[in-house]
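Structure, as structure tokens:
The values are calculated or read from the model by the stated rules, or taken from the named source; none is laboratory data. Values in this document were obtained by computation on a predicted structure and should not be read as measured data. Cβ: placed from backbone, ideal geometry, glycine included. Neighbour counts: every protein chain shown.
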Amino acid sequence: MTEGHDPLGLIKGLLEETGSDPGFYLRLGAGYFIEGDHESARITFEEGLERHPDDIDLLNSLATLLVTRFAEVDRGRMLYERVLEIEPRDVDSMKALAHLLANHYLDRDAARIMFGRVVNLDPGFMDGWLQLGMLNEGEFSQLDEAMRCYERALRLDGEHLFVLYRLGQILEYHAQDLDGARGYYERILDIDPDNLHALNALCSLMGGRFKDLEKAREYNQRVLALQPDDLYANTVAQWLSVSEE
């Protein structure tokens, strides 16, 4: 950097002169972070919090830095929780805390509650609906609630392949709505004609439940054209060949 053109040095100089604005600490710390100097970013956020212990942006910034760059998850969690003590409706800290609860602490019940709080405040948070759908489907076996969450996600992104597939699976295996399941799988192929999950699902559905071996064979051949060595697809092809005889 050319001498006399050091924006971080300028901000640091202003801090030394005033020390009164948490925004200076936030910008300086962010500048260090962008440059890859995570230790200086940490020191800056820490110094800012010494002067402004209840500043939400500094708390969130330090928490995120500690979790993502220093693996100090417990302290990061404490800082996110401190933010929510100050401002119970702070969505950024809720999102981060919900992910920590689900993926690091494996506290699925607490994670579900936190994601629920997030989507109530921010209904457009796609990942919140996805996480709630997966938690309700897997951990809690509340399939009606899982479908509701997936359907809310689908309203935000009508071409989300994972959501379409999960809805198809729930309808096929739990609700026994075979036509509905088929519709979701076919929507996936409208978006991605080479989607192996949908092709295999339709092959199984048509060959097993609908007894339409010709259609099942068509989907199976499409899978084998994409992955000739796929063990499952080759096993299905053998079964279809025997069934035809």
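What number of residues within the range 93-145 satisfy the criterion of being within 17 Å of Gly168 (Cα to Cα) and in a loop (DSSP other than H, G, I, E, B)?
The total comes to 2.
Within the range 156-168, does at least one residue satisfy the condition of being among the aromatic types (Phe, Trp, Tyr), at pLDDT below 95 and surrounded by fewer than 21 Cβ atoms within 10 Å (Cβ to Cβ)?
No; the residues of the range 156-168 include none that is among the aromatic types (Phe, Trp, Tyr), at pLDDT below 95 and surrounded by fewer than 21 Cβ atoms within 10 Å (Cβ to Cβ).
For residues that are of a type in the set (Lys, Arg) and assigned to a loop (DSSP other than H, G, I, E, B), scanning just the range 195-231, find the one that is surrounded by the most Cβ atoms within 10 Å (Cβ to Cβ).
Here the answer is Arg209.
Given the conditions (1) more than 30 Å from Asp157 (Cα to Cα); (2) surrounded by 14 or more Cβ atoms within 10 Å (Cβ to Cβ), report the number of the one that Tyr185 does not fulfil.
(1)
Here is a check on your reading of the model: is Asp192 surrounded by fewer than 19 Cβ atoms within 10 Å (Cβ to Cβ), farther than 19 Å from Glu137 by Cβ, modelled with pLDDT of 95 or more and within 22 Å of the chain's Cα centre (by Cα)?
Yes; evaluated as a whole, the condition is true for this residue.
Collect the residues in the range 121-163 that are polar (S, T, N, Q) and closer than 19 Å to Tyr184 by Cβ, keeping them in residue-number order.
Listed by number, the list holds a single entry, Asn136.
Six or more apart or on different chains, Cβ under 7 Å: which pairs go from a residue in the range 154-183 that's in a helix (DSSP H, G or I) and among the aromatic types (Phe, Trp, Tyr) to one that's surrounded by fewer than 20 Cβ atoms within 10 Å (Cβ to Cβ) and modelled with pLDDT of 95 or more? Could you list them?
Tyr165/His197
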